[in-house]
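The next block holds one structure in the form of structure tokens; read it before the comments.
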Amino acid sequence: MANGKIKADTLEHSTAGSLDTKFVVNGSSKAWVNFNGTGTIAARDSFNLSSLADRGTGQYTVTISNAMSDANYAAFYTGQKSSTDDGYVMGGIGTGGYTSTTVQVTCQAGSGGPDDLPTVNVANQGDLA
Amino acid sequence: MQTPQFQGTHLFDRLCWAKENLDGVQSDYRVVYEDNVDECAKILVPDPNWMACALQGGILPPVQVYWELAKDEAQPDFVKHTRGHLLHNTKPVEAMTEEQAIEYLIMKDCPQSVWREWDSGNKPKMVICRKEQLPATREWRNAWKITDDLATDETVAA
């Protein structure tokens, strides 16, 4: 079926059980990005993003196209400094940390202040507006 | 590639279509802006998949829709968006040039206090430039400010 619609409340596997489709709808990421936070900031790939803002060393704003229904969604962050070090990525820091369309991201490696990370990942889960 | 008739289609579904059918477009434009005199200059970077939607046309809602949602969210009694349907039911904007897309993005993602009065102070609060005009290294990133003397062939932030 091309470009059709299947309305179903349950998906069932032949052996692994069944799943209410509400879990699929509510459990999927509504926006995500993998970006390079060093040099000239740029998204490697993304979905439902309109822009990144470079706010300073290790500090970025992620802005999405289809707004979330409010600012109470769950945002997940990971980062990597190098192939041997992990980075720390925190979100929603400071005034205006979370809105329905933006999240402020702060990254650091180790115990120092904010630091640029070559790989930063952000994903939002929650309800769309 | 012809964009389907998307008015009335959820914006998220439009973005899914775009992700499957359009290639991302990495823009060389950057928007440098200062929204706080006590902070360094900020740099807006267009998302490549968003830029592809803007250039394609028929996908993105008018920028005014975002202003309306921002007004709602700024209300003290805001709980949840009730006018999200504006994103999905308003007629999508037509195909834009890259420059028009950057202007749209400024009005969507930069603070209104910056772009409405970008040139009213002692120096511009905002500059649109090419990424090559930004400093080559981030060593002193937190000290970047828009330069006082702007020329099209020079570095715009230092």
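The values are calculated or read from the model by the stated rules, or taken from the named source; none is laboratory data. None of the values given here were measured: they were computed from a predicted structure. Neighbour counts run over all protein chains shown; Cβ positions are idealised from the backbone, glycine included.
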Name the residue, out of B:A158, B:A136, B:A151, B:A143, that is modelled with pLDDT under 85 and within 14 Å of another protein chain (Cβ to nearest Cβ).
-> B:A136
Among B:E117, B:E132, which is the only one that is assigned to a helix (DSSP H, G or I) and of a type outside the set (A, V, I, L, M)?
-> B:E132
Could you grab me the full set of residues in the stretch B:34-49 that are in contact with a helix residue (DSSP H, G or I) (Cβ under 8 Å, 6 or more places away or on another chain), within 8 Å of chain A (Cβ to nearest Cβ) and over 15 Å from B:L105 (Cα atoms)?
-> B:C40
Subset of the stretch A:60-83 (residues that are within 9 Å of chain B (Cβ to nearest Cβ) and without any contact (Cβ under 8 Å) to a residue 60 or more places away in the chain) = A:T61, A:T63, A:S65, A:D70, A:A71, A:N72
Residue list for the stretch B:8-33, filter: touching a helix residue (DSSP H, G or I) at 6+ places or on another chain (Cβ under 7 Å), among the polar types (S, T, N, Q) and away from chain A (no Cβ under 11 Å) = B:T9
Yes or no: B:E68 within 15 Å of B:M107 (Cα to Cα) and part of a helix (DSSP H, G or I)?
-> yes
Conditions (1) assigned to a helix (DSSP H, G or I); (2) surrounded by fewer than 23 Cβ atoms within 10 Å (Cβ to Cβ); (3) within 9 Å of chain A (Cβ to nearest Cβ) -> B:A52 fails only (3)
Qualifying residue in the stretch A:38-52 (condition: under 26 Å from B:P135 (Cα atoms), away from chain B (no Cβ under 12 Å) and at pLDDT below 90) = no
